[in-house]
1. Being among the hydrophobic types (A, V, I, L, M, F, W, C), open to solvent by 40 Å² or more (accessible area, probe 1.4 Å) and under 15 Å from Ile211 (Cα atoms) is the filter; apply it to the range 77-93 and report the residue that is nearest to the ligand (Cβ to nearest atom).
2. So His106 clears everything in (1) surrounded by fewer than 20 Cβ atoms within 10 Å (Cβ to Cβ); (2) farther than 17 Å from Glu210 by Cα; (3) out of contact with any helix residue (DSSP H, G or I) (no Cβ under 9 Å at 6 or more places or on another chain) except one condition, right? Which one?
3. Here are some conditions: (1) within 16 Å of the ligand (Cβ to nearest atom); (2) modelled with pLDDT under 95. Ala130 meets all but one. Which one does it not meet?
4. Inspect all residues belonging to the range 40-63 and state whether any of them is of a type in the set (A, V, I, L, M), touching a Leu at 6+ places or on another chain (Cβ under 7 Å) and not assigned by TED's automatic domain parsing to the domain that holds Asp83.
5. Looking at the range 186-215, which of the residues that are touching a residue at least 40 places away in the same chain (Cβ under 8 Å) and open to solvent by 80 Å² or more (accessible area, probe 1.4 Å) is farthest from the ligand (Cβ to nearest atom)?
6. What are the pairs with Cβ atoms under 9 angstrom where one residue, in the range 125-148, is on the phi > 0 side of the Ramachandran plot and the other, located anywhere, is more than 12 Å from the ligand (Cβ to nearest atom) and open to solvent by 80 Å² or more (accessible area, probe 1.4 Å)? Sequence gap at least six, or different chains.
7. For the range 37-60, which residues satisfy the criterion of being surrounded by 12 or more Cβ atoms within 10 Å (Cβ to Cβ) and within 16 Å of the ligand (Cβ to nearest atom)?
8. Quick check: anything in the range 164-173 of a type outside the set (Phe, Trp, Tyr), touching a Ser or Thr at 6+ places or on another chain (Cβ under 8 Å), under 25 Å from Gly214 (Cα atoms) and within 16 Å of the ligand (Cβ to nearest atom)?
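The values are calculated or read from the model by the stated rules, or taken from the named source; none is laboratory data. Note that the coordinates shown come from a computational prediction; the quantities given were computed from them, not determined experimentally. Don't worry about glycine lacking a Cβ; one is built from the backbone with ideal geometry, like all the others, and counts go over all protein chains shown. Remember, those area values only see protein heavy atoms, side chains included, never the ligands or the DNA or RNA. Shrake-Rupley method; radii C 1.70, N 1.55, O 1.52, S 1.80 Å.
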Amino acid sequence: MGVYARAPLAFERGDGVRLYTAEGEAYLDCMAGIAVNALGHSHPKLIAALKDQADKLWHTSNIFRIPNQEKLAKLLTDNTFADVCFFTNAGAEAIECAIKTARKYHWANGNPERIDIIGFDGSFHGRTIATIYAAGNPSYVEGFGPTPPGFVQAKFGDLEGLKKLVGPTTAAILLEPVQGEGGARSWTEAQLKEIRQLCDETGTLLIYDEIQCGL
Ligand SMILES: Cc1ncc(COP(=O)(O)O)c(C=O)c1O
């Protein structure tokens, strides 16, 4: 299936920050997947951890407790703002979960009309139906049918415009603190604080997509 304009290049193995073709030609990996291989390639400790788990147990589903997952969740909640973790298989799935959580939160609080997710131009949140419309990039939504209800597009950096868009049907504002695909465009700390305040005043939820820029 035609996805990216593929480079005529394939790699056989990776080691730390380098990638190697089957002919042994080395490349410095400045892409890291698309900013996802933060730990580099083939680190011995990571290989050992993966092999160790593969030898013991592959999958049990979340019908059962998963002690190592609980350990990781505790590490994350002890060291970040969060008090709960939900693990997903991909970034798009995490954003889908955030959108669903925001809508369900308002529904559970007696405000089922609050379904709108406000996103910004230049953002990228994944390639599922909900996440392409949350980002609103015209080239990613083209051909995928009518825009589903509940997605509103704001202009990156325009706080006055954003304030006008927040209303009685707003569920959440969704933003990347530093836009990845938008070209490393950041919100300033002052802008983020103002958005936080806008959310507090209007009962709007604030979703940070830090999938590319990191915690
Ligand atoms: C900011 C951001 N959100 C969401 C995603 C989607 O992640 P995934 O490709 O794992 O679904 C990406 C992927 O690059 C991303 O950069």
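1. Taking the range 77-93 and keeping what is among the hydrophobic types (A, V, I, L, M, F, W, C), we get 81-82, 84-87, 90, 92.
Next, only the ones that are open to solvent by 40 Å² or more (accessible area, probe 1.4 Å) stay: 81, 84-87, 90.
If we keep only those that are under 15 Å from Ile211 (Cα atoms) too, we end up with 85-87, 90.
Numbers: Cys85: 17, Phe86: 15, Phe87: 13, Ala90: 4 Å.
The qualifying residue nearest to the ligand (Cβ to nearest atom) is Ala90.
2. Answer for His106: the failing condition is (1).
3. With respect to (1) within 16 Å of the ligand (Cβ to nearest atom); (2) modelled with pLDDT under 95, Ala130 is out only on (2).
4. Initially, the range 40-63 is screened for residues of a type in the set (A, V, I, L, M), giving 46-50, 54, 57, 63.
Checking the rest, the ones that are also touching a Leu at 6+ places or on another chain (Cβ under 7 Å) come to 46.
Next cut, not assigned by TED's automatic domain parsing to the domain that holds Asp83 only: 46.
Yes, because at least one residue in the range 40-63 is of a type in the set (A, V, I, L, M), touching a Leu at 6+ places or on another chain (Cβ under 7 Å) and not assigned by TED's automatic domain parsing to the domain that holds Asp83.
5. Result: Leu215.
6. Sorted first by the residue in the range 125-148, then by its partner, the pairs are Gly136/Thr147; Gly136/Gln153; Gly145/Ile129.
7. Selection gives Asn37 alone.
8. Start the filter on the range 164-173 by keeping residues that are of a type outside the set (Phe, Trp, Tyr), which leaves 164-173.
Subset that is touching a Ser or Thr at 6+ places or on another chain (Cβ under 8 Å): 166, 170-173.
Okay, now just the ones that are also under 25 Å from Gly214 (Cα atoms), so 171-173.
The next check asks that each one be within 16 Å of the ligand (Cβ to nearest atom); those that pass are 172-173.
Yes - at least one qualifying residue is present in the range 164-173.
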